[in-house]
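The values are calculated or read from the model by the stated rules, or taken from the named source; none is laboratory data. None of these values were measured; they are calculated from a predicted model. Every residue, glycine among them, receives a Cβ derived from its backbone with ideal geometry; neighbour counts consider all protein chains shown.
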Amino acid sequence: MAQPVSFSIRPQHHGEIAIFYCVGSLTAEHSGVLKDEVKKWIAGRKRIAIDLREVERMDSAGLGAIVGLYISSKKQNCEFELVNYSESIRDLLGMSHLLHVFEACGRSGTRMP
């Protein structure tokens, strides 16, 4: 019997920078969890980073959550980055014509505080 797919977020805050370490599958069932958690921290931050190193899978709803957070961040003059994403997430970003928005950080593995 297959185990239920889960998703969790471990936030870490360093002054005006917030990093969210995600684990599991960022899919329709869990995209609201990411949006709700990160949106609470955008105001008053200079930088938000979403670390996807341990995200096994992401679907269009997960991508939608990330795009929504990107837009919310930009409206608050907060830098938004995706870091440490997998090749399959990179492919999803490419198919969605969003790779250029997130590519520099994801490819190089931006150093976090």
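Worth a mention:
- The range 7-59, subset among the charged types (D, E, K, R) and assigned to a helix (DSSP H, G or I), residue nearest to residue 93 (Cα to Cα): 35
- The one condition in (1) in a strand (DSSP E or B); (2) under 13 Å from the mean Cα position of the chain (by Cα) that residue 64 fails to fulfil: (1)
- Taken over the range 13-30, residues that are of a type outside the set (A, V, I, L, M, F, W, C), within 16 Å of residue 80 (Cβ to Cβ) and either without any contact (Cβ under 8 Å) to a residue 12 or more places away in the chain or crowded, with 16+ Cβ neighbours inside 10 Å (or both) amount to 1.
- Within the range 69-80, residues that are part of a loop (DSSP other than H, G, I, E, B) have Cβ atoms under 8 Å from residues that are crowded, with 17+ Cβ neighbours inside 10 Å in these pairs: 76/42; 76/45; 78/42; 78/45; 78/47; 78/48, counting only partners at least 6 apart in sequence or on another chain.
Every residue, every condition in (1) hydrophobic (A, V, I, L, M, F, W, C); (2) over 21 Å from residue 101 (Cα atoms), yes or no:
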{"site": "17", "(1), (2)": "yes, no"}
{"site": "30", "(1), (2)": "no, yes"}
{"site": "66", "(1), (2)": "yes, no"}
{"site": "69", "(1), (2)": "yes, no"}
{"site": "73", "(1), (2)": "no, no"}
{"site": "79", "(1), (2)": "no, no"}
{"site": "83", "(1), (2)": "yes, no"}
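Matching residues to (1) at pLDDT below 95; (2) closer than 16 Å to residue 8 by Cβ; (3) touching a helix residue (DSSP H, G or I) at 6+ places or on another chain (Cβ under 6 Å):
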| residue | (1), (2), (3) |
| --- | --- |
| 22 | no, yes, no |
| 43 | yes, no, no |
| 65 | no, yes, yes |
| 104 | yes, no, no |
